[in-house]
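Structure first, then comments.
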Amino acid sequence: MGEQSGNEKKPSKLRLFNRYLGKVVNAMEVSILVSCVAALAVLLMVNVFARTFFQSIYFAEEVSKFLVMLTTFTGVSYGVRKARHIRMGAFLDAMPPKMEKVFLIIICAVSAVVMGIMTWFSYQYLLNAMNRGHVTPALRMPSWTFYVIIPIGFGLATIQYIRTIIKNLIEKDPWQSPDQQSEYEDEEVGGVQL
Amino acid sequence: MTLFGISLGSMLLFGFPFMVTLLGSLILYVYVYMPDFAPKLVTTMVQQVITGVTPPALVCVPMFILSASIITGGESAGRLIRMIKSFVGHLPGGLPITTNASCTLFGAVSGSTQATVAAIGGTMRPMLLEAGYKSSFTLGLIVNSSDIAFLIPPSIGFIVYGVATSTSIGMLFLSGIFPGLLILVMFSAYCFVYSKIKKVGVLPKETWAERMTAIKDGLPVMGFPVIIVGGIYAGFFSPTEAASASVFYALFLETVIYRSLTFERIVDSFLQTGVITGVVFILVGAGQAFSWMIGFMQIPQEVLPPLFGTDPSMLRVILIVVVVYFVACMFVDPIVAIFILSPIFQPYVVSAGVDPILLGTLVTLQAAIGSATPPFGCDIFTAQLIFRRPYLEVIGHSLPFLLILILATVILVVFPQIALFLPNLAMGG
């Protein structure tokens, strides 16, 4: 959370920082999401064939669990960035823009705190799992590798909420997320529109 | 308890994301009332989130989302509509009936109402408007017919209910088919009468040659119900296997047979699937943490006994559960509602001897109805998002459909065999 405090005096630098961070994170998230879903689909389809003609792949369940977790927690932060998280937006949409902006900043601040707390505790959970040194039953992998993505996902979500606050402070209109002005906007496929 | 309720309610109403509403209220509660244990409890929450997203049965959800996403980007929905329209288009109410039937059949590919609204509604609404139907009628029709898709397997509602209560997902899938068809018939009858009274014009009758072409074009889409329903009914596929088979079939259909998908489209459907999976699964995880915590805080033990009384009858349990789900889904996403409420009600349901599969069907039906019901049903916002029409226009014509759906619930409670005979048949054979 300390990153943005030093830059607050010069909005142009802040804007640059915001844009750069957005691009790097976007490329990472999109490639993780696409490859995980593709890998999951291939794995499960191959497993159906394998089960029918030979025998089930012994690590299929474990790897699919890993891929689901990777997809979920990457999707959490991507969802924040693209204003895709499910919420009940009826009142917010009905507000005049100025009031909506105030509420958006409050919502993002609270969300950033909640996500920050989840980041911290999932990091603790990860450290704890590393200390215990359990291994997974099928592949004999250290089980903490499954949990690495959780603090990363929550942490990136925290950053995205902070970026939304910055966006709302430097732009005139209310912004739902750093990349999307409102949910009603068409989403650009995979690209960054900053 | 009061603080917990206030934070939950206000965050919900002011448009906080559901995941923040659930996790944030819990964190606030533990830090205010149990500061000494707070770090330990929040760590447990993290653990519960992990437990929530990793049951093996949930792996089929991204696969069903993926096959629906592939199909939505391609031509299947359009071909399906053309096929049905060629048969019923010339009847009074032909186009609304086409909408109903297309939503039902598309439900056999997609597991969520949102995907169905987008795929079928996007094509049908211009046609309906051109034929002279009022805009609010078309929106009410599309939103409510998409509910049928939530009952036709695959359905994310059934999957989540099955995971939350350890009920067989395959059997739940089978139980949804006939209630879905029942609602299809009732909606179609209403559309027939409505169109007759309003004297909306009908389409010219198509010749058998045209119908045959339409069947030839659209028939491959019917492979999905064969794979999913047939595969599960025959015991050949588990739900996860049926899901991956349907992804395979969707890719085959759209790339080899219809040749409608480009590589970019496919990559985009993977991305969209990843995002929807993330957004849905974090809710399931947060829901798991939430339901664990309210169990820990013993909230169900405080709230439920006065509601159920001692030794409640089967009918009373069913009525309470149905009403609570209906109301809850008017406010929150059905997935969250099912995941949090089901474990709470489970002990009463078991002790009153209610069939878990029947209850699963009723709960999923209520989740579908609630999410299409004003003021805050989430399907309404989906329709607003997709069609860009004002709120009042979207809900303007929902009352008749709502009444029909409530009637369908009553019929289902009185004649549970509508839902149960197919699963019983599958288990017997």
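What to note about this one:
- Odd one out for A:Val135 among (1) more than 12 Å from the chain's Cα centre (by Cα); (2) among the β-branched types (Val, Ile, Thr); (3) surrounded by 15 or more Cβ atoms within 10 Å (Cβ to Cβ); (4) more than 9 Å from chain B (Cβ to nearest Cβ): (3)
- Taken over the range B:297-335, the criterion of being in a loop (DSSP other than H, G, I, E, B), in contact with a helix residue (DSSP H, G or I) (Cβ under 9 Å, 6 or more places away or on another chain) and modelled with pLDDT of 80 or more is satisfied by B:Met297, B:Ser313, B:Val332, B:Asp333.
- Test for B:Thr361: is it among the hydroxyl-bearing types (Ser, Thr, Tyr) and in contact with a Ser or Thr (Cβ under 7 Å, 6 or more places away or on another chain): yes
- Subset of the range B:48-57 that is under 11 Å from B:Val163 (Cα atoms) and more than 7 Å from chain A (Cβ to nearest Cβ) - its residue that is nearest to the chain's Cα centre (by Cα): B:Ala57
- Among residues of the range B:1-18, those that are under 27 Å from the mean Cα position of the chain (by Cα) and of a type in the set (S, T, N, Q), counted: 1
- Residues that are more than 25 Å from the chain's Cα centre (by Cα), more than 10 Å from chain A (Cβ to nearest Cβ) and hydrophobic (A, V, I, L, M, F, W, C), drawn from the range B:243-280: B:Phe252, B:Val256, B:Ile257, B:Leu261, B:Phe263
- Among the helices (runs of 4 or more DSSP H) confined to the range B:20-127, the ones with at least 3 residues that are β-branched (Val, Ile, Thr) and touching a residue at least 24 places away in the same chain (Cβ under 8 Å) are located at B:38-53, B:60-73, B:94-106.
The rows are residues; the columns are (1) out of contact with any helix residue (DSSP H, G or I) (no Cβ under 8 Å at 6 or more places or on another chain); (2) surrounded by fewer than 24 Cβ atoms within 10 Å (Cβ to Cβ).
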{"site": "B:Thr2", "(1), (2)": "yes, yes"}
{"site": "B:Leu26", "(1), (2)": "no, no"}
{"site": "B:Tyr29", "(1), (2)": "no, yes"}
{"site": "B:Lys40", "(1), (2)": "yes, yes"}
{"site": "B:Val46", "(1), (2)": "no, no"}
{"site": "B:Ala57", "(1), (2)": "no, yes"}
{"site": "B:Ser69", "(1), (2)": "no, no"}
{"site": "B:Thr72", "(1), (2)": "no, yes"}
{"site": "B:Ile84", "(1), (2)": "no, yes"}
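- When B:Pro312, B:Pro334, B:Pro300 are screened for being closer than 16 Å to B:Leu362 by Cα and either surrounded by 15 or more Cβ atoms within 10 Å (Cβ to Cβ) or in contact with a Ser or Thr (Cβ under 8 Å, 6 or more places away or on another chain) (or both), only B:Pro334 passes.
A quick yes/no check of all residues on (1) in contact (Cβ under 8 Å) with a residue 12 or more places away in the chain; (2) under 18 Å from A:Asn168 (Cα atoms); (3) more than 9 Å from chain B (Cβ to nearest Cβ):
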residue	(1), (2), (3)
A:Tyr78	yes, no, no
A:Arg81	yes, yes, yes
A:Ile105	yes, yes, yes
A:Val110	no, yes, no
A:Met115	yes, no, no
A:Met118	yes, no, no
A:Ser122	yes, no, no
A:Asn128	no, no, no
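- For the range A:19-66, the candidate set comprises residues that are small (Gly, Ala, Ser) and within 9 Å of chain B (Cβ to nearest Cβ); within that set, the residue that is nearest to B:Thr54 (Cα to Cα) is A:Ser64.
The values are calculated or read from the model by the stated rules, or taken from the named source; none is laboratory data. These figures come from a predicted structure and were not determined experimentally. Virtual Cβ from ideal backbone geometry, glycine too; neighbours counted across all protein chains shown.
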